[in-house]
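Heads up: the structure comes next, in structure tokens.
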Amino acid sequence: MSRFKGYAPEQAYLLPPSVQDELSGNHLCFFIRHVVERLDLSSYEQAYAAEGGALYAPELMLSVWLYAYATGVTSARQLERRLVEDLPLRYLAAGARVDNWALSAFRRRHGRALNDSFTQVLEMARELGMGKLGRVAIDSTRIKASACRDRVDTEQHLRDLRADLRWQIRRWQQTVDRDDSDGGGMEVAIDQLEDKLAELPQRLERLRKSGLKKLSTTDPDARYLRCRGGHFELGYTGEIAVSDDHLIVAQRVTQNAADNASLLPMVEQTIQRCGAAPEQTLADSGFFSIENLKQMEAQHLDAYVPDSNQARSLNLGKRCRTTAKAAAHRRMRRKLRSKDGQATYARRKAIVEPVFGVLKQQRNLRQFRTCGLNNVASEFTLATLAYNLTRMHSAGLR
């Protein structure tokens with residue numbers, strides 16, 4: 001008798017008929033299936049017209065995308081491959097082999113419905129004891145756009161391109177006039193050049209309306225944003241508000257180059273999604289402005305937002321030597337100089353920055369896959385929704 005176990009890869013059944021027999025009962029795919037079953041998906045269904053062929057069920061598409069983002073798969077083509085090779089995804093897709101076109105279309109189409117699902121999952125988590133608003137930290141990060149940073153329009157580039165196209169058209173036209181043979185191919189080339197020339201006024205007008213010196217041709221909504229280290233990246237700003245138990249309670253994507261205009265909108269979104277205001281709001285110096293402090297005080301919100309000089313002194317343990325002229329500014333400095341204020345503000349890094357670390361390092365969210373502000377907002381919603389599900393799953397919520 002051979003001492004080796006049998007090996008027969010051509011056997012009829014490589015896996016047991018039931019997925020539960022192969023995967024552990026607390027596997028993430030079963031948790032996602034359980035959560036999606038409880039969601040109201042009517043907003044997805046209403047996005048489609050009555051006409052047309054049969055469509056994949058919204059619960060199928062949402063489930064596979066949530067599991068994909070939870071495991072770091074953000075590419076529709078890669079997800080299409082994994083739907084054949086990955087058992088949890090095969091289970092969530094019920095054996096369907098969805099192509100990348102359908103997957104991409106679903107992600108682009110349902111931005112509003114995904115936001116609705118984010119709120120529903122947040123409510124579910126709060127009912128189960130997570131997402132407590134005792135302390136909320138707000139932060140932002142730059143995420144690279146799916147665009148080439150060198151393919152941009154400037155006024156000088158468009159003027160040079162216009163002159164070059166006109167020169168090429170004249171040269172080709174002269175060649176056609178001199179050549180007695182059939183010039184059909186040349187005339188087609190001339191027509192193509194004239195079409196490109198006709199597009200230039202629209203591109204110039206779009207550039208002027210944007211108020212920018214440079215505008216990406218592949219993703220006009222993307223902006224050159226200053227990143228850590230001083231370099232500029234073509235991308236977007238992702239913003240999140242995180243509760244003390246590391247649950248994302250608010251999220252959005254903006255084109256903002258600075259963060260100080262985002263503090264109040266993020267607090268307002270937190271109140272809207274959670275139905276209550278946070279007891280304490282923590283944010284770094286990028287979110288500081290005198291107007292923000294005044295508005296937070298007017299709404300009776302306990303904020304901890306230092307100016308850049310005080311943030312430097314808090315980080316280095318030195319005395320802040322600049323003076324504050326506004327009353328709200330002086331009150332904020334006094335609060336942050338106290339032992340309780342310093343201890344509270346010190347929690348900011350531990351609350352929000354690990355979440356961005358997970359999203360960017362483990363979940364592959366360093367670059368968006370789609371173009372346009374609405375589309376990347378849908379991607380970010382999927383990523384943050386999947387993150388919350390994994391937090392709920394690891395906490396043992398059911």
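Per DSSP helix of 4 or more residues, -39500 (n - 2.57); summed, then divided by the residues of the chain. What does that give at 222 nm, rounded to the nearest 500?
On the way: 16 runs with 208 residues, N = 398.
Per the formula, -16500 deg cm²/dmol.
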Item checked: Label point distance in nm, R97-Q342, each placed 7 Å from Cα along Cα→Cβ -> 6.4 nm
Margin query: Can you give me the accessible area per residue for the chain, using a 1.4 Å probe, in Å²?
Written below: 54 Å²
Item checked: Potential extension, T323-T218 segment - 0.36 nm per residue separation minus Cα distance -> 33.2 nm
Notebook entry, point to check: In the structure displayed, which of K132/K349; K339/K360; K132/K294; K132/K339; K294/K349; K144/K360 lie more than 22 Å apart, Cα to Cα?
Noted result: K339/K360; K132/K294; K132/K339; K294/K349
Next item on the list: Using 0.36 nm per residue of separation minus the Cα-Cα distance, give me the extension gain between A395 and E291 in nm, one decimal.
Entry: 33.6 nm
Checklist line | K196 paired with A277, simple spin-label distance in nm, labels 7 Å along Cα-to-beta-carbon | finding: 5.8 nm
Notebook entry, point to check: So for R321, R109, what's the accessible-area order with a 1.4 Å probe, most first?
Noted result: R321, R109
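Let me know the longest stretch in the chain that avoids all chymotrypsin sites (Phe, Trp or Tyr not before Pro) found in a DSSP loop with at most 13 other C-beta atoms within 10 Å.
Formally, the longest exposed-site-free interval is 49-398.
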Notebook entry, point to check: What does the range 290-398 give for Rg and for Dmax, in Å, if only its C-alpha atoms count?
Noted result: 18.6, 52
Next item on the list: Kindly provide log₁₀ I(q)/I(0) values, in the same order as q = 0.07, 0.09 Å⁻¹, from the Debye equation applied to equal alpha-carbon scatterers of the chain.
Entry: -0.46, -0.70
Next item on the list: Could you check how much of the accessible area of the range 1-143 is carbon and sulfur, as a whole percent, using a 1.4 Å probe?
Entry: 48 percent
Item checked: Cα centroid separation, the range 364-395 to the range 328-342 (Å) -> 35 Å
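Assuming R0 = 45 Å, what is the FRET efficiency of L301 and R203, from their Cβ-Cβ distance, to the nearest 0.05?
0.55
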Item checked: Hydrodynamic radius (Kirkwood) for the range 1-146, which is based on Cα pairs only, to one decimal in Å -> 18.0 Å
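Tell me, what is the percent relative contact order of the range 35-163, built from C-alpha pairs under 8 Å that lie six or more residues apart?
Reported relative contact order: 23 percent.
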Checklist line | the range 119-197 - Debye-derived log10 I(q)/I(0), Cα point model, q = 0.17 Å⁻¹ | finding: -0.86
Checklist line | Whole-number percent relative contact order across the range 57-107, with pairs defined as alpha carbons under 8 Å at least 6 apart | finding: 40 percent
Next item on the list: Could you check the simple spin-label distance between D177 and N26, using points 7 Å along Cα→Cβ, in nm with one decimal?
Entry: 8.2 nm
Item checked: Relative contact order for the range 117-274, counting Cα pairs under 8 Å that sit 6 or more residues apart, in percent -> 35 percent
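The values are calculated or read from the model by the stated rules, or taken from the named source; none is laboratory data. Just so it is clear, the model here is predicted, and its values are computed rather than measured. Counting neighbours? That spans all protein chains shown, and the Cβs are built from the backbone with ideal geometry, glycine included. Quick note on the areas: whole protein, heavy atoms, side chains included, nothing else; ligands and nucleic acids left out. Shrake-Rupley method; radii C 1.70, N 1.55, O 1.52, S 1.80 Å.
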